[in-house]
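Encoded as structure tokens, the structure appears first; notes follow it.
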Amino acid sequence: MKLIQLPTQAFEQRLLEEMNENPALEAGKEEDEYEKDEFENDDYDDYDDAEADRMESDDINIDEYLNSDDTPDYKTQTNNYSDDDEERESPLASPISFHQDLINQLNTFILDDGERDIAEFLVGSIDDMGYIRRSIPDIVDDMAFTQAIYTDEETVERILHVIHELEPSGVGARDLQECLMLQLKHKTPTESVDLATDIIENQFDAFTKKHYDKLIQKYGVSNEQLKKAIHEIEKLNPKPGGAFTGNNKVTENVVPDFAIRIVEGELELTLNGRNAPSLHVSKDYQEMMQTYKASSDKSGAQKDAVQFIKQKLDSAKWFIDAIRQRQETLFVTMNSIMHYQEEYFLEGDETKLKPMILKDIADIVGLDISTVSRVANSKYVETPYGTKLIKEFFSEAMKNDQGEDVSTLEIKKILQNIIEEEDKKKPLPDDQLADLLKEKGYPIARRTIAKYREQLDIPVARMRKKI
């Protein structure tokens, strides 16, 4: 279960960890035919550790242990992924933490030891989105109590201005207004930038509430002039730390676990080849077992050694069995999802997505719902329409005016299209959106519209207003 829920990159890391911990496990294929599936026999599982002192050479059948093959071929075939997967891999960016990047930038400023200590403490107080959410007095007290750094508010405020010079612009702000101001001050002055700066500094409340008529009256500007100033503000980043995903990496590449292609009008599913490693038992460990078998004198050290070898062989067998089961589970689950949503994958129209819950797929493939959930929650599939998170294909069913089951995803897509096509000078409130959906055959309550809109990260009508 733990291996199944891992996406491709995490699985590769887990594989490396297991190989580092278990010297009996090696990558690649063995040339000798007898080593093809060398640890499929479970006869040795009956070996009792307490019987080590009286174990004789005939107790271990090395030939049977290494040569048995009771795994169906279809589970180990590697033709369910593309041979050129390696060629299509994207280079991964070197991870660097957000805070370390800021610390590195401090090296370009001339600071004495005390100032640098304060600057580094301020950097450590910046949250994932790039803000310092604490007051200056709190920071002064915290430095004194936890770091034995004694300073005053004026000094901290002065060093904070140094932090405000770091990139990305706006980092270290204490609120959204200060964040936008810092970014505007770094822009080349123009008439639009100057107006935008004045609006954020002096009319921030009116701007956030989109009281554009009041702003036009206040500044005596034309509709077009205000529009250009607002455009300058909209280009700013309200979350300057957001570029550092999870505050851990500058970028994070998504590696698709599956790929779906349309070949001569038919869907073709492949599993990323990185999910199907070739593993085998180390030849050195096989020879060590053979040596013990041939030995007539069983010393205590030899018995301890065979205990260790058996443990590693057990672990290797379990791990390879688990990988094969993971391959099969991933493939059959995604294959069922692909055929369940065949119409969507052939056309790319999101309104063609059928209602689908975890139980629907679990019933088809004969797996537990929890297993299907593990596959869906963390895996991506490359489609002709972009790389998608698999869990996005699941949705509840609702009835349309014809009494037919339709996917909530279909309704959300139609709602999104309506909002995209609305007059931005007079955006539609939720009750009007509900009326329009009802006209299209989807009797949805206003509160449901509000819920779907929030799930789509679409603001209320007032906040969608444009001038």
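The table for this structure:
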item	result
Flag for LYS303 being modelled with pLDDT under 80 and in contact with a helix residue (DSSP H, G or I) (Cβ under 6 Å, 6 or more places away or on another chain)	yes
Where SER407 falls short, out of the listed (1) among the hydroxyl-bearing types (Ser, Thr, Tyr); (2) in contact with a strand residue (DSSP E or B) (Cβ under 7 Å, 6 or more places away or on another chain); (3) at pLDDT 85 or above	(3)
Matching option when the condition is touching a helix residue (DSSP H, G or I) at 6+ places or on another chain (Cβ under 6 Å), open to solvent by 30 Å² or more (accessible area, probe 1.4 Å) and over 25 Å from GLY265 (Cβ atoms), among LYS352, LYS399, LYS391, LYS379	LYS391
Single residue of the stretch 334-349 satisfying the filter (of a type in the set (Phe, Trp, Tyr) and in contact with a strand residue (DSSP E or B) (Cβ under 8 Å, 6 or more places away or on another chain)) that is least open to solvent (accessible area, probe 1.4 Å)	PHE345
Lone qualifier among GLU157, GLU167 - being touching an Asp or Glu at 6+ places or on another chain (Cβ under 9 Å) and either part of a loop (DSSP other than H, G, I, E, B) or surrounded by fewer than 18 Cβ atoms within 10 Å (Cβ to Cβ) (or both)	GLU167
Filter result for the condition that a residue is touching a Gly at 6+ places or on another chain (Cβ under 6 Å), closer than 30 Å to LEU330 by Cα and among the hydroxyl-bearing types (Ser, Thr, Tyr), over TYR385, TYR380	TYR385
Which numbered condition ILE149 misses (of (1) of a type in the set (Val, Ile, Thr); (2) touching a helix residue (DSSP H, G or I) at 6+ places or on another chain (Cβ under 9 Å); (3) open to solvent by 40 Å² or more (accessible area, probe 1.4 Å))	(3)
Output for the stretch 404-435, where each listed residue is closer than 20 Å to LYS391 by Cβ and basic (Lys, Arg)	LYS412, LYS413
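The values are calculated or read from the model by the stated rules, or taken from the named source; none is laboratory data. Keep in mind that what you see is a predicted model, and the values were worked out from it rather than measured. So basically every Cβ, Gly included, is an ideal-geometry build from the backbone, and we count neighbours across all protein chains shown. The area values use the complete protein model at the heavy-atom level, side chains included, leaving out ligands, DNA and RNA. Shrake-Rupley method; radii C 1.70, N 1.55, O 1.52, S 1.80 Å.
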